[in-house]
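The values are calculated or read from the model by the stated rules, or taken from the named source; none is laboratory data. Because the structure is a prediction, the values reported are computed rather than measured. All Cβ positions, even for glycine, are placed from backbone atoms using ideal geometry, and neighbour counts span all protein chains on display.
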Amino acid sequence: MKKTKIDHYTDKEALDFHSKNKPGKIEINSSKPMTTKRDLALAYSPGVAVPVKAIADNPEAAYDYTSKGNLVAVISNGSAILGMGNLGALASKPVMEGKAVLFKRFADIDSIDLEIDSQDPDEIINSIKNFACSFGGINLEDIAAPDCFIIEEKLKEILDIPVFHDDQHGTAIITTAALINALDISNKSIKEIKVVVNGAGASAMACTNLFKNSGVPQKNIIMVDRSGVIYRGRKGLNQWKSSHAIETKHRTLDEAINGADVFLGLSAKGALSKNMVKKMAKDPIIFACANPDPEITPEEIQEVRDDAIIATGRSDYPNQVNNLIGFPYVFRGALDVRAKTINEEMKVAAADAIAKLTREDVPDEVVAAMGGDRPHYGKEYIIPSTFDPRLISVIPAAVARAAMDSGVARKDIDDFEIYKEQLKQRLNPSLTIMQGINSYIKKNQKRIVFADGEDKNTLKAAIAFKNSKLGIPILVGKKDKIKERIKEIGYDDHFGIEIINSTDSEKREKYVNYLFKKMQREQGLLERDCDRLVRNDRVIWASCMVACGDADGAVTGNTRRFGASLNKITQVIDPRAGEIMFGLNMVVSKGKTIFVGDTSVNEYPSSEELAEIAISAARVVKLFGFVPKVAFVSHSTFGQPLTSRTKHIKKAVEILKDKNVDFDFDGDMQPDVALNEEYKELYPFSSIVGNANILIMPGQHSAAISYKMMKSLGDTRVIGPLLIGLGQPIEIAPLRSSTSEIINLASVAAYSADVIDYKKN
């Protein structure tokens, strides 16, 4: 069981992340147009009066005419923030905003965080009761025990919408799923196992309850708190602990663990010793879930037991017990059937669904999303990855069906196969693209040159690239200057990244010889000219490193214009034989991903070049896991109006028809026709209308203007431009790129270095 280093960052980076552009992590956007007077009249007065009356007559209509059905309140009083304790309601807001982001990212659920400044359970209950009608569900978070029990139980009694304390039930669902599979692998019966739970907080109690509801007999579960075993007759037990007390002679964890099949730790670092592990039954199941450090490390367990099945709460070991696998999808299913509550049947259904999903063969598209790694059901794969795209269709469907079967659903789903397809469409594949690429390159470590080594954002990117185990970064620049910049951004100078420059005489000589051999006839350069280029230009140096095999790829561009960087790179490296070089941008906006080219290289491509750009773009898009659908974009649609530029585009389409390509394409068409499904009715003969995901632009001007405008106006994420057609994997970041943008391009370069055969003509 291999452990990897946890990503790290400075406090300043974390603060900058939360403060940059708009402070915080969430915002509210209108889902309806608000551009005309008529729009405003419909949205507010007088048009809003119509749904108001409808809801007054029938409260259920709120699900039809407001956001209620897809809106969850994320609520905390800050009394148990992460592992930091009671820091107050306001201090919990960054965490609650983060929770809201996760709801949106993984289940397309809108959330509003509400921090209640009170330590009084009754006051919190009353506050939530009075605004709960605005929401489809309530997610309680980071509330200390026993208040969390009191608050949740009372709210469940008085509200008719789901109330879910994720710290309890999210953990319980994932842990139960892991237990089901661990028992299957070890060939043990859930009705016969002996379980020891170390910890008696909210999570531990919820896990224990769900274990029981899943089939573990109460008499077979021993719970241990700071004072020892919770047994019948022990004085000072509250009502919640008392419900888990059993008849037993054991008084300590050391006694209880003897012969135990399962250990569940939700307590503290070091609580379980190696000697205790030795006492456990054959094929022990050990879930050491304390965060940030488990009760015992997997390495310590393996020193004394080679038959153990192990899970932790950490991402750097296999089998991470992560609530993210559960809570977004449980709420998704509950909201979609307008459930009155989230009951035990729904939780058990979620756990069973997760367990069954883990046992299925992992399809190719999931492998791609997970970075090329095909996990196989077994000791080190008992829980799915948090980034498994199948979760969105599997868990909500199971939860929704359980809600219907148990009588708490107010809306039925008629066709679950259609529902599962609808669930899949809520998430765009682009959300997992970079995750998939990053997962892949972690297993195929490449040496990537960061040419602008003295630039602060580039330095941050290189450090994050290294700490995230994405590859091996190399910085080009002056050592003293780089170390000075390192201190300015909050790191010490022992950051462990190779720094290289032209003072390396051996490499300098190699690169000069390479460049002179290449350019003496092409450009008539003398050896001293090549020496000057190698010595004085970091992009030339970085390109030579890649060309001569001293690095696998490179990223540059953050300190100079794209064209200037490209000019330097192409002095060293030629385009791939038989291919056109161009820039391709991936644009993600409102759940839709489109690729735009050529954004950066060819000012006015010929019809033949446009056809070649389309072919290469389709090939790249396939590598990212999309089915290419190409639209040749113009100011005209199918020849109307017919101009010389229109003829230029139409010719490119005809050229492509003659090439017998294996992807769909069409044109000429305006971008709204290519992207908006409403136009299908007008142009039924075209399979591309409304479905395009690749836009081949008529020229660099229109392409660059389009994507930069979208990026600048907001609510749009742009990756790229990706430099397609170059003979080696080098990417050029736009001027003044962010740290994240540089990391993405470095990752793409590393990925390309492994999956593209650059030697192939």
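Considering only residues that are of a type outside the set (D, E, K, R) and more than 17 Å from Val74 (Cβ to Cβ), which ones fall in region 111-129? Talk me through it step by step, then tell me what you get.
Restricting attention to region 111-129, the residues satisfying the condition of being of a type outside the set (D, E, K, R) are 111-112, 114, 116, 118-119, 121, 124-128.
The answer is Gln119, Pro121, Asn126.
Using the structure shown, decide if Ser186 is closer than 28 Å to Ala281 by Cβ and either in contact with a Leu (Cβ under 6 Å, 6 or more places away or on another chain) or in the same structural domain as Glu97 (by TED's automatic domain parsing) (or both). So Ser186 does not fit the description; no. Within region 64-99, the set of residues being on the phi > 0 side of the Ramachandran plot and either buried (at least 22 other Cβ atoms within 10 Å of the Cβ) or of a type in the set (D, E, K, R) (or both) comprises just one member, Gly78. Checking every residue in region 424-446 against the condition of being at pLDDT 90 or above, in contact with a helix residue (DSSP H, G or I) (Cβ under 6 Å, 6 or more places away or on another chain) and crowded, with 17+ Cβ neighbours inside 10 Å gives at least one match. Taking the criterion of being aliphatic (A, V, I, L, M) and either within 22 Å of Asp531 (Cβ to Cβ) or exposed (fewer than 12 other Cβ atoms within 10 Å of the Cβ) (or both), the residues of region 476-519 that qualify are Val476, Ile499, Ile500, Val512, Leu515, Met519.
Here is a yes/no grid of residues against (1) touching a Phe, Trp or Tyr at 6+ places or on another chain (Cβ under 9 Å); (2) basic (Lys, Arg); (3) at negative phi:
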| position | (1), (2), (3) |
| --- | --- |
| Lys469 | no, yes, no |
| Asp504 | no, no, yes |
| Asp531 | yes, no, yes |
| Arg538 | no, yes, yes |
| Val546 | no, no, yes |
| Ala564 | no, no, yes |
| Lys568 | no, yes, yes |
| Ile580 | no, no, yes |
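Conditions tested, residue by residue: (1) within 30 Å of Leu735 (Cα to Cα); (2) among the small types (Gly, Ala, Ser).
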position	(1), (2)
Leu642	no, no
Leu656	no, no
Gln670	yes, no
Ala703	yes, yes
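Of Ile158, Ile138, Ile143, all but one fail to be in contact with a Phe, Trp or Tyr (Cβ under 9 Å, 6 or more places away or on another chain) and modelled with pLDDT of 90 or more; the exception is Ile138.
Please determine, by comparing only the residues of region 525-569 that are closer than 15 Å to Lys446 by Cα and acidic (Asp, Glu), which one is surrounded by the fewest Cβ atoms within 10 Å (Cβ to Cβ). Here the residue is Asp550. The C-beta contact set for region 464-489 (first residue part of a helix (DSSP H, G or I), second residue of a type in the set (Lys, Arg) and surrounded by fewer than 20 Cβ atoms within 10 Å (Cβ to Cβ), distance under 8 angstrom, 6+ apart or interchain) comprises Asn467/Lys5; Arg485/Lys456; Glu488/Lys456. Does Asn213 meet the test of being in the same structural domain as Lys282 (by TED's automatic domain parsing), out of contact with any Gly (no Cβ under 9 Å at 6 or more places or on another chain) and either over 30 Å from Arg332 (Cα atoms) or hydroxyl-bearing (Ser, Thr, Tyr) (or both)? For Asn213, the condition - in the same structural domain as Lys282 (by TED's automatic domain parsing), out of contact with any Gly (no Cβ under 9 Å at 6 or more places or on another chain) and either over 30 Å from Arg332 (Cα atoms) or hydroxyl-bearing (Ser, Thr, Tyr) (or both) - is not met.
Can you name the residue in region 52-63 that is surrounded by 12 or more Cβ atoms within 10 Å (Cβ to Cβ) and small (Gly, Ala, Ser) and, of all such residues, is nearest to Phe331 (Cα to Cα)? Here the answer is Ala62.
Take the conditions (1) farther than 26 Å from Lys282 by Cα; (2) among the hydrophobic types (A, V, I, L, M, F, W, C); (3) touching a residue at least 40 places away in the same chain (Cβ under 8 Å); Ala256 misses just one of them, which is (1).
Identify all residues within region 74-121 that are among the small types (Gly, Ala, Ser), touching a residue at least 40 places away in the same chain (Cβ under 8 Å) and in contact with an Asp or Glu (Cβ under 8 Å, 6 or more places away or on another chain); write none if there are none.
First, pick out the residues of region 74-121 that are among the small types (Gly, Ala, Ser): 76, 78-80, 83, 85, 88-89, 91-92, 98, 100, 107, 111, 118.
So of that shortlist, the ones also touching a residue at least 40 places away in the same chain (Cβ under 8 Å) come out as 76, 78-80, 83, 92, 98, 100, 107, 111, 118.
Ser76, Gly78, Ser79, Ala80, Ser92, Ala100 - these are the residues of region 74-121 that are among the small types (Gly, Ala, Ser), touching a residue at least 40 places away in the same chain (Cβ under 8 Å) and in contact with an Asp or Glu (Cβ under 8 Å, 6 or more places away or on another chain).
Taking the conditions exactly as written (among the hydrophobic types (A, V, I, L, M, F, W, C) and within 22 Å of Cys207 (Cα to Cα)), does Leu155 satisfy them or not? In short, yes. Can you find, within region 695-741, the residue that is modelled with the lowest pLDDT among those that are closer than 19 Å to Ala462 by Cβ and among the β-branched types (Val, Ile, Thr)? For region 695-741, the residue satisfying everything is Ile719. Of all residues in region 529-588, those that are within 26 Å of Ala703 (Cβ to Cβ), acidic (Asp, Glu) and touching a helix residue (DSSP H, G or I) at 6+ places or on another chain (Cβ under 7 Å) total 1. Once region 614-635 is narrowed to residues that are buried (at least 21 other Cβ atoms within 10 Å of the Cβ) and over 31 Å from the mean Cα position of the chain (by Cα), the residue that is nearest to Gly725 (Cα to Cα) is Phe632. Any idea how many residues of region 313-358 are within 18 Å of Phe103 (Cα to Cα) and of a type outside the set (Val, Ile, Thr)? Qualifying residue count, region 313-358: 17. The condition of being surrounded by fewer than 21 Cβ atoms within 10 Å (Cβ to Cβ) and of a type in the set (Asp, Glu) does not hold for Asp455.
Can you name the residue in region 687-717 that is surrounded by fewer than 13 Cβ atoms within 10 Å (Cβ to Cβ) and either among the aromatic types (Phe, Trp, Tyr) or within 26 Å of the chain's Cα centre (by Cα) (or both) and, of all such residues, is nearest to Phe638 (Cα to Cα)? Checked region 687-717; the qualifying residue nearest to Phe638 (Cα to Cα) is Met709. All conditions in (1) under 25 Å from Leu656 (Cα atoms); (2) outside the structural domain of Ile613 (by TED's automatic domain parsing) hold for Val689, with the sole exception of (2). Restricted to region 671-686, and to residues there that are outside any loop (DSSP other than H, G, I, E, B) and either in contact with a strand residue (DSSP E or B) (Cβ under 7 Å, 6 or more places away or on another chain) or of a type in the set (A, V, I, L, M) (or both), the residue that is surrounded by the fewest Cβ atoms within 10 Å (Cβ to Cβ) is Pro671.
Within region 486-501, the set of residues being at pLDDT below 85 and in contact with a helix residue (DSSP H, G or I) (Cβ under 9 Å, 6 or more places away or on another chain) comprises Ile486, Glu488, Ile489, Gly490, Tyr491, Asp492, Asp493, Phe495, Gly496.
Quick grid of which residues meet (1) touching a strand residue (DSSP E or B) at 6+ places or on another chain (Cβ under 6 Å); (2) assigned by TED's automatic domain parsing to the domain that holds Ala204; (3) within 30 Å of Ile392 (Cβ to Cβ):
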| site | (1), (2), (3) |
| --- | --- |
| Leu71 | yes, no, yes |
| Gly88 | no, no, no |
| Val101 | no, no, yes |
| Ala107 | no, no, yes |
| Asp122 | no, no, no |
| Ile125 | no, no, no |
| Ile128 | no, no, yes |
| Ala132 | no, no, yes |
| Ala144 | no, no, no |
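Can you find even one residue in region 330-339 that is within 30 Å of Val408 (Cβ to Cβ), assigned to a loop (DSSP other than H, G, I, E, B) and touching a Pro at 6+ places or on another chain (Cβ under 7 Å)?
The initial filter retains those residues of region 330-339 that are within 30 Å of Val408 (Cβ to Cβ), namely 330-339.
If we keep only those that are assigned to a loop (DSSP other than H, G, I, E, B) as well, we get 337-339.
The next check asks that each one be touching a Pro at 6+ places or on another chain (Cβ under 7 Å); those that pass are 339.
Taking every residue of region 330-339 in turn, at least one turns out to be within 30 Å of Val408 (Cβ to Cβ), assigned to a loop (DSSP other than H, G, I, E, B) and touching a Pro at 6+ places or on another chain (Cβ under 7 Å).
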